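*Asks:* After the structure tokens below, expect a handful of questions from me.
Nothing in this text is a laboratory measurement; each read-out follows from the coordinates by a stated rule. The shown structure was predicted, so the numbers you read here are calculated from the model rather than taken from an experiment. Ideal geometry is used to build each Cβ from the backbone, glycine not excepted, and the neighbour counts take in all protein chains shown.
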Amino acid sequence: MLNEKIIEILKHEGPATFATHGTDGIHLAATWNSYIETLQNDTLLVPAGHLNKTQRNVEAGSELQMILASKDVVGLQGGGAGFLLKGKAKFEGEGENFDKIKSRFDWARSVMVFNVKEVTELV
């Protein structure tokens, strides 16, 4: 599911933006591509220093949508590639996934584990 182009995008710095939906509407947040780790072919680990509203929305049942892009990766029309990822997330404040992220980011209070269910190449 997470193809080679997505893995390549994560190697180039840029914002990774994601959206959830809560009682007050859509909530946007972001991190850096380089902070994200791939766990499996369909799972991303994102360190959470804050992301409190994102976590509340996820825990209330919101799905997560994420945009990953880099102008340094060849896309559908040449320079620049971008993807929309959709799926479910959960936050973990302990365990193997958390320990892996905490070892890189001492400021992480938890890890957002994003299980990607759908991938659409945008550009």
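*Asks:* Collect residues whose amide H, placed 1.01 Å from N in the peptide plane, falls under 5 Å from the amide H of residue 16; neighbours closer than 5 in sequence don't count.
*Replies:* Answer set, sorted by chain and number: 31, 32, 33.
*Asks:* While we're on this one: If you rank 34, 70, 103 by fewest surrounding Cβ atoms within 10 Å, what's the result?
*Replies:* Ordered from fewest to most neighbouring Cβ atoms within 10 Å, 34, 70, 103 come out as 103, 34, 70.
*Asks:* Could you tell me the number of lysine pairs in the chain with C-alpha atoms less than 15 Å from each other, where the two lysines are 8 or more residues apart or belong to different chains?
*Replies:* Lysine pairs meeting the criterion: 6.
*Asks:* Assign one of three labels to the range 4-121, namely rounded, prolate or oblate, based on the Cα gyration tensor with a ≥ b ≥ c the square roots of its eigenvalues; rounded applies when a/c is under 1.5, prolate when it is not and a/b is larger than b/c, and oblate otherwise.
*Replies:* oblate
*Asks:* Still on this model: How long is the gain from residue 72 to residue 104 if the chain were fully straight, where each residue apart is worth 0.36 nm and the alpha carbon distance is subtracted?
*Replies:* On the way: separation 32, 0.36 × 32 = 11.52 nm, distance 2.47 nm.
Once the chain is fully extended between residue 72 and residue 104, it gains 9.1 nm.
*Asks:* Highest first, please rank the peptides 45-52, 72-79, 1-8, 15-22 by the mean number of other Cβ atoms sitting within 10 Å of their residues. Mind dumping the intermediate values first?
*Replies:* Numbers: 45-52: 19.0, 72-79: 12.9, 1-8: 14.9, 15-22: 17.2.
Ranking, from highest mean packing down: 45-52, 15-22, 1-8, 72-79.
*Asks:* Shifting gears a bit: At what distance in angstrom do the alpha carbon centres of the range 54-75 and the range 1-23 lie from each other?
*Replies:* 6 Å
*Asks:* Determine the dipole magnitude for the chain: charges of +1 sit on the beta-carbon of Lys and Arg, -1 on that of Asp and Glu, nothing else is charged, the reference point is the Cα centre, and the result goes in debye to the nearest 20.
*Replies:* 180 debye
*Asks:* Let me ask something additional. With θ taken as phi - 60° and the coefficients 6.51, -1.76 and 1.60, list the Karplus ³J(HN,Hα) couplings across the range 53-70 in order, rounded to whole Hz; mark glycine and proline as x.
*Replies:* 5, 4, 4, 4, 5, 4, 5, 8, x, 5, 7, 10, 10, 9, 10, 10, 7, 7
*Asks:* Quick one: Karplus J couplings for the range 78-95, per residue in order, coefficients 6.51, -1.76, 1.60, θ = phi - 60°, nearest Hz, x for Gly and Pro?
*Replies:* Result, ordered by residue: x, x, x, 10, x, 9, 9, 10, 10, x, 10, 10, 8, 10, 10, x, 7, x Hz.
*Asks:* Sequence-distant or interchain residues sharing an amide H contact under 5 Å with residue 109, placed H: which?
*Replies:* 48, 49
*Asks:* Within the set of other residues whose C-beta is less than 15 Å from the C-beta of residue 21, count the net charge using Lys and Arg as +1 and Asp and Glu as -1.
*Replies:* +1
*Asks:* What residue among 36, 26, 101 has the largest mean-square fluctuation in a Gaussian network model of the chain, using Cα springs under 10 Å?
*Replies:* 26
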